[in-house]
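Colleague: Below is the structure I would like to discuss, written out as structure tokens.
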Amino acid sequence: MKKVLMGNHAASWGAKLSRVRMIAAYPITPQTHIVEELSEMCSDGRLDAKFLKVESEHSAMASVIASETTGVRSFTASSSNGLALMHEMLHWAAGARLPIVMVNVNRALAPGWNIWADQGDSLAQRDTGWIQIYVEDNQEVLDSVIQGYRIAEQVNLPVMVCYDAFFLSHTYEPVDIPDQESVDSWLPSFEPDNFLDPENPKAYYGLVMPDNYMEMRYRLQQAHEAAKRVVSEVGNSFGNHFGRPYDLVETIHCDDAETVLITSSSATSPARLVVDKLRDAGRKIGLLKMRVFRPFPTEIVQEILGNKKTAIVIDRNCSWGKGGIFADEIKGAINNLSNRPMVYSFIAGLGGRGITPDLIEDIVKQVENSESPATSSEWIGLKPFN
Amino acid sequence: MTTHQDSFTDKPYPQEEYLQSGYLSCQGCGGSMIMRHALKALGPDTVCVIPASCWSIIAGNWPYSSLNIPIMHTAFETAGAAASGVRAALDLKGKPETHVLAFAGDGGTFDIGLQSLSGAAERNENIIYICYDNEAYMNTGIQRSSATPEMAWTTTTPATFPKVGPKKNIIQILTGHKIPYCATANVAWPMDLIAKVRRAAETKGTTFIHALSPCPPGWKISSEKSIEVARLATHTKVFPLYEVINGESYHINFEPKNLPVEAYLSMQGRFSHLSKADIAHIQQRVDYEWKILLQRSMMEPFHMNM
Amino acid sequence: MSDEKPITYHNLGEMPEYVISEASMLWNKTGTWRYLAPRYLTQTPPCNQQCPAGNDVEGFIRLMEKGAIAEAAQLIREENPFPAVCGRVCYHPCETGCNRTQFDDPVAIHSLERVAAEQPFPATPPETGRPDSGKTVAIIGSGPSGLTAAYHLARMGHQPTVYEALDEPGGLLRYGIPAYRLPRNILKAEVDHITSCGVKIICGKRAGVDISWSDLNKSDAVFITVGVHRNRRLEIPAENTAGILPGLGFLESVAGGTPPRLGQHVIVIGGGNTAIDSARCALRLGSDVSIYYHRSRDEMPAFEEEVNEALKEGVKIHFLTQPVQFLTDNQHLAGIQLRETRLGSPDESGRRRPEPVPGSEFDIPVNTIITAIGETADLDWLPPEISHENNRITINLFGQTSLEKVFAGGDAALTEHNVTTAIGSGKLAACAIDAFLHNQDFTGIMPRITIGETGAVSVSRYLNHGDAHKKQGGPGKVVSFEDLNLAYFRKSARQKITTLDFNNRSSSFEEVNNGLSGEVTVIEAKRCFHCGVCTDCDNCYMFCPDIAILKKGPGEEGYRINMDYCKGCGICVNECPRAAMIMEKEQ
Ligand SMILES: Cc1cc2nc3c(=O)[nH]c(=O)nc-3n(C[C@H](O)[C@H](O)[C@H](O)COP(=O)(O)OP(=O)(O)OC[C@H]3O[C@@H](n4cnc5c(N)ncnc54)[C@H](O)[C@@H]3O)c2cc1C
Ligand SMILES: Cc1ncc(C[n+]2csc(CCOP(=O)(O)OP(=O)(O)O)c2C)c(N)n1
Ligand code: SF4
Ligand code: SF4
Ligand code: SF4
Ligand SMILES: [Mg+2]
């Protein structure tokens, strides 16, 4: 069934089709439609789930951790300050190895109050142990939520599906909504081995002494390593079943490219146009869409960039005091290669400012005209000084 | 023969144990007693949620647990929310009869966890919330909480500048939520505590029990005095035993002996710096609060069943 | 997973991946944290120590509280064959010692004892497990001391024979204490029970007169308990005039059913039990009675309760007056001359000595006077090898006289003259004689069987049979009021006994005191704190923060401390209401 949906409703549909049983969420612009729609679905019976109207995001995450621990597939959604408030519990969810799926609508953090697109909120949660998927359009939102459960429940890690405020959240696009039966036949029901059960009393998440803690964490890291393969497999399987395959990254014209443009989330769409245009103009340029940020697809990035001359990374985020986060991660990934491209890092579109094809073209031009990258990320689209 | 103290329920102490020895509480810990009594009242069909507190340690380190019921350790401020999540999931799994017990310290209840507790109480989640109140953050080494009594010493309220302001009245906060059942309890009256936990379990909706829990190192008492000091807390009216139904109707369960607060304070090292004037001030406050409680209970002050 | 050992993971593969615990903490033996250890210790209740008869007071109250009255009676009879007697005439030092006294009122121990004694006698005396020894013991005197010794010696397998000078057994219980305080049938039932236990009593045989010392000496051991029966004389003019009656003789004739004729007004001289009982008897025979006593009320040796009853019944007591001479008229008693006294310095008994007030003499006309200023023992018939001093047979700590096989007790050998002390001395003699007959050194035994620090001996502990010995408190210290945890006790008034209406007293020898009625017995018994003795109240079990106190298996009483986990906090000991636990250094 095709429907024109805003990104937020695509997320709600993804949760509904995944047959989540427990939803705990707290409203924050630009995520509100997700929870409104889900509470609608719960109350009119379209979704057999409990919507727990908690008093904060911290409690939202605490209670989905609890419901997942009790063996029930759970969902939540947040954004920006809400996500930041959850931070402690994000660690808890991953450390507890719970296959929670949450949607985060990427929004700038206050102050000053800004409700528009910015990846700073979720990238700040980089080290919490969550799988992070940055999606480009509303179809991918829906598809990634469903895939998210299959990935999460296979590797016992929580999954965060991230997309840009307004550019996706509030933008209507045609979305193919799969049949429930079709989803049911692809996404197994949630049957965890361990759950809070008076018949089989166990204690969850207690004190771990230094003699075991490190091994525990090693297993968490291993789970992330394994998740790379699982994400690919699940994306592939999803493609076979629903006709839309996914992977850790997407590459466009990269094979023979000398320059690779690297984007994530909604910024990828204008980049596609720019790359097509420059290819038509005979330039050896390709596009790498970073879909999964955690686990970081180091091997794939190395493979794609290994013999390239130039990499251009556009970040809608900034790690204060350092620079574009994707750029930094990519530099880290290829650092040990003997043949590696120059990496140019650009910061653009913070707080909802547009990343337009023109802006991207300007960036490419600027790179072509420079001898080597600046030591720090360059800010694009700033008002001129004078 | 039983000689439980003047308790309004003189039933035999249940023998089934849901806690097993080997746990890591200090000598004379009131918190471990409260857990033991509470679980006896609730029985095996119970899931327990424990936020950061002494009990995070007492229960035992991975891969061990001293409880024979399932427990979930959770973050310090999340007892209310986590219990709500477990409740929701159990209900979804068709287990509405399984008890969900949130077992939190005073810090996790009065302070950092107050918000999530308030959320749960406002939604009237079907959970039992027991706050074992040892009147400070004991796990982290005796720092003051908003449950610390006025003028008490803690490591963050030194004797030269002891705790300012009275102890927060948590029952008043909870009754403000109009939950069906609130009660105070005291380790010195285990049968009363058990009766209250049972009553809480039988009540649908959020039930809250505020249980005084002496802490020998934190209160600077020797361990054998743990129960004795708790008993004095009630007999001096510092910690009256009462229940509140639907946030409205107060029932005092026990007529205190009305001993001077000095009897209670002087037993504890954490009050050793108090002057006569300080003690008189505390006495005044206690008398005043008791009067309020009497008025609320609309009960004859000297109804005795002794 | 094993509960006993901590789990160590040596390789990643065997280690669970998640922070989920399934093993118990039982391996963590928190007992190692302890530096003092609790222990259950039965300590001595003060009542037990204070009872000169060595009753297991706490023990029988515990049974009565559960309604096990027959068992209570049996428990008393393991120590004392005279609960019905003691329940009536004992002046109950146990109650004086009762810890409850400092809380509200002492437990009405002796009233409870009396209720217990109302139970029908069991077919057999309390079991001792002793075979017949074939040894004979001659006992001279059938007072409480002699009969008690006989009773226990019979239980111990020996053959006691009691020789009694008078017509019926019982000593002063029969011929001294009047029936309105100790009804005859009550005494008879207990004496009969003693005989049914294998005691032979031969009445009408006065040692030294009807049976010779050498005959008595043929027995394997001898116990002399002849009491004090000779009336002490005033040694004033005209003491032999008719109408002047010796107190004890008067009581004996009343008890024998042949009371003398008395005048309308009777004067009694003296301040002891004999004086009071003589006065109350005379009152019941229809006379007005006045007692004259040479000291003040405080010095009166008679039991206070009896003095009070006498006063209430109408006996007048005049203090600080002493007789000067009897007045006669034509060989007949016409009256008595008395004079006032005042109290001077204390005599050897510690009481202040009365001194005559010169010129204070006055006469009272009267034709019956009863003199009751005390009794002395008749020891003239004893062989010279048995030494005596100050009219008392000389005995060592455990009742042995200067002759190895001869023991003595009761009033004839002790300074304290009362029924319960006499019973205690009979028990001590029985144990010492038994040890002697078995060639055992009693000096080593005595401390083990002494109740508390200064109490009587316990026959059940001596016999060490069954578990009776456990019930008599431990050899440990006596529990003081300060040792108790009063939080667990509520105030409750002592139950009152009812007494015979005063209108009925002047004409009859009907019993004055009634016992406790059925319903209130249990209420009264429940007042007992059970000082030093565990009652399975569950406090230790319930308050142990570490579940280190376990109830013993089904059918067993009491608790066990699991030292593997006891952290030594001391709460169990502190919260034990009755000091039945202690904290101590571990060996
Ligand atoms: C009037 C009175 C009232 C009393 N009231 C109380 C009371 O209320 N409570 C209390 O505790 N105490 C009371 N007493 C004291 C108490 O009765 C005695 O202390 C107690 O009876 C002493 O017991 P006993 O066995 O040593 O001697 P006794 O009871 O005196 O018995 C000695 C027996 O030995 C016999 N006997 C003496 N010589 C010979 C002999 N040569 N051969 C054979 N038999 C002999 C006597 O006839 C007597 O039967 C009272 C005493 C009197 C006199
Ligand atoms: C968010 C957070 N802040 C602080 C802590 C540190 N912490 C752990 S337990 C505790 C005190 C607990 O006090 P209380 O709830 O009274 O329980 P108690 O230890 O006294 O039993 C603190 C401050 C924490 N675990 N989490
Ligand atoms: S510090 Fe206090 S509350 Fe914590 S375990 Fe020790 S005694 Fe119990
Ligand atoms: S309270 Fe009971 S055990 Fe204690 S002294 Fe009195 S009678 Fe004896
Ligand atoms: S209460 Fe328990 S832990 Fe404490 S001393 Fe007694 S047995 Fe040991
Ligand atoms: Mg605390």
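The values are calculated or read from the model by the stated rules, or taken from the named source; none is laboratory data. All figures in this text were calculated on a predicted structure; none of them were measured in a lab. Note that we place each Cβ from the backbone using ideal geometry, even for glycine, and neighbour counts take in every protein chain shown.
Colleague: Does residue C:160 satisfy the criteria of being in a loop (DSSP other than H, G, I, E, B), away from ligand 3 (no atom under 16 Å from the Cβ) and either of a type outside the set (Ser, Thr, Tyr) or within 14 Å of chain B (Cβ to nearest Cβ) (or both)?
Modeller: no
Colleague: Given (1) in contact (Cβ under 8 Å) with a residue 12 or more places away in the chain; (2) at the interface with another protein chain (Cβ under 7 Å from one of its Cβ atoms), identify the lone condition not met by residue B:31.
Modeller: Residue B:31 satisfies every listed condition except (2).
Colleague: What's the total number of residues in the range B:58-96 that are among the β-branched types (Val, Ile, Thr) and more than 7 Å from chain A (Cβ to nearest Cβ)?
Modeller: Residues flagged as among the β-branched types (Val, Ile, Thr) and more than 7 Å from chain A (Cβ to nearest Cβ) within the range B:58-96 amount to 1.
Colleague: Okay, next question. If only one of C:550, C:500, C:516 is farther than 30 Å from residue C:259 by Cβ, away from ligand 5 (no atom under 16 Å from the Cβ) and either in contact (Cβ under 8 Å) with a residue 60 or more places away in the chain or surrounded by fewer than 23 Cβ atoms within 10 Å (Cβ to Cβ) (or both), which one is it?
Modeller: Checking each option against the conditions leaves just C:516.
Colleague: Please go through the range C:304-338 and give me each residue that is among the charged types (D, E, K, R) and either crowded, with 19+ Cβ neighbours inside 10 Å or under 27 Å from residue C:418 (Cβ atoms) (or both), ordered by number.
Modeller: The answer is C:304, C:305, C:306, C:309, C:312, C:313, C:316.
Colleague: Are any residues in the range B:55-82 crowded, with 24+ Cβ neighbours inside 10 Å and within 15 Å of ligand 6 (Cβ to nearest atom), and if so, which ones?
Modeller: B:55, B:77, B:79
Colleague: Starting from the range B:135-157, keep only residues that are closer than 16 Å to residue B:239 by Cβ, then list their pairs with residues that are within 16 Å of ligand 5 (Cβ to nearest atom) and of a type in the set (A, V, I, L, M, F, W, C) whose Cβ atoms are within a distance under 8 Å, requiring at least 6 positions of separation or different chains.
Modeller: From residues that are closer than 16 Å to residue B:239 by Cβ, the pairs are B:135/B:215; B:136/B:215.
Colleague: Of everything in the range A:327-358, what is in a helix (DSSP H, G or I) and free of Cβ contacts under 8 Å to residues at least 40 places away in the same chain? Give them in sequence order.
Modeller: Scanning the range A:327-358 gives A:328, A:329, A:331, A:332, A:333, A:334, A:358.
Colleague: Further, regarding this structure: Please enumerate the residues belonging to the range A:39-65 that are assigned to a helix (DSSP H, G or I) and either without any contact (Cβ under 8 Å) to a residue 24 or more places away in the chain or away from chain B (no Cβ under 14 Å) (or both).
Modeller: Passing the criteria: A:39, A:40, A:41, A:42, A:43.
Colleague: Which condition does residue B:247 not pass, out of (1) within 25 Å of residue B:80 (Cβ to Cβ); (2) within 14 Å of chain C (Cβ to nearest Cβ); (3) surrounded by fewer than 19 Cβ atoms within 10 Å (Cβ to Cβ); (4) not β-branched (Val, Ile, Thr), if it passes all the others?
Modeller: (2)
Colleague: A further question follows. For the range A:254-270, what are the residues that are crowded, with 19+ Cβ neighbours inside 10 Å and touching a strand residue (DSSP E or B) at 6+ places or on another chain (Cβ under 7 Å)?
Modeller: A:254, A:257, A:259, A:260, A:261, A:262, A:263, A:264, A:265, A:266, A:267, A:268, listed by residue number.
Colleague: At least 2 residues that are within 16 Å of ligand 3 (Cβ to nearest atom), away from chain C (no Cβ under 14 Å) and on the phi < 0 side of the Ramachandran plot in each: list the strands (runs of 3 or more DSSP E) lying fully within the range B:117-229 that qualify.
Modeller: Those strands (runs of 3 or more DSSP E) span B:128-133, B:207-212.
Colleague: Here's something else I'd like to know. Looking at the range C:546-582, which of the residues that are more than 7 Å from every other protein chain (Cβ to nearest Cβ) and β-branched (Val, Ile, Thr) is nearest to residue C:483 (Cα to Cα)?
Modeller: In this case the residue turns out to be C:582.
Colleague: Return the residues of the range C:142-152 that are closer than 16 Å to residue C:54 by Cβ, more than 7 Å from ligand 1 (Cβ to nearest atom) and either without any contact (Cβ under 8 Å) to a residue 40 or more places away in the chain or of a type outside the set (Phe, Trp, Tyr) (or both); say none if nothing qualifies.
Modeller: Those that are closer than 16 Å to residue C:54 by Cβ, more than 7 Å from ligand 1 (Cβ to nearest atom) and either without any contact (Cβ under 8 Å) to a residue 40 or more places away in the chain or of a type outside the set (Phe, Trp, Tyr) (or both): C:147, C:148, C:149, C:152.
Colleague: Mind checking whether some residue in the range C:534-545 is hydrophobic (A, V, I, L, M, F, W, C), over 24 Å from residue C:32 (Cβ atoms) and more than 14 Å from chain B (Cβ to nearest Cβ)?
Modeller: No.
Colleague: Just a yes or no: is a residue in the range C:503-517 among the small types (Gly, Ala, Ser) and either within 16 Å of ligand 3 (Cβ to nearest atom) or at pLDDT 95 or above (or both)?
Modeller: No, the range C:503-517 has no match at all.
Colleague: Follow-up question, since we're still on this one. Could you list all residues from the range C:164-187 that are in contact with a strand residue (DSSP E or B) (Cβ under 8 Å, 6 or more places away or on another chain) and surrounded by fewer than 24 Cβ atoms within 10 Å (Cβ to Cβ)?
Modeller: C:165, C:166, C:167, C:168, C:181 - these are the residues of the range C:164-187 that are in contact with a strand residue (DSSP E or B) (Cβ under 8 Å, 6 or more places away or on another chain) and surrounded by fewer than 24 Cβ atoms within 10 Å (Cβ to Cβ).
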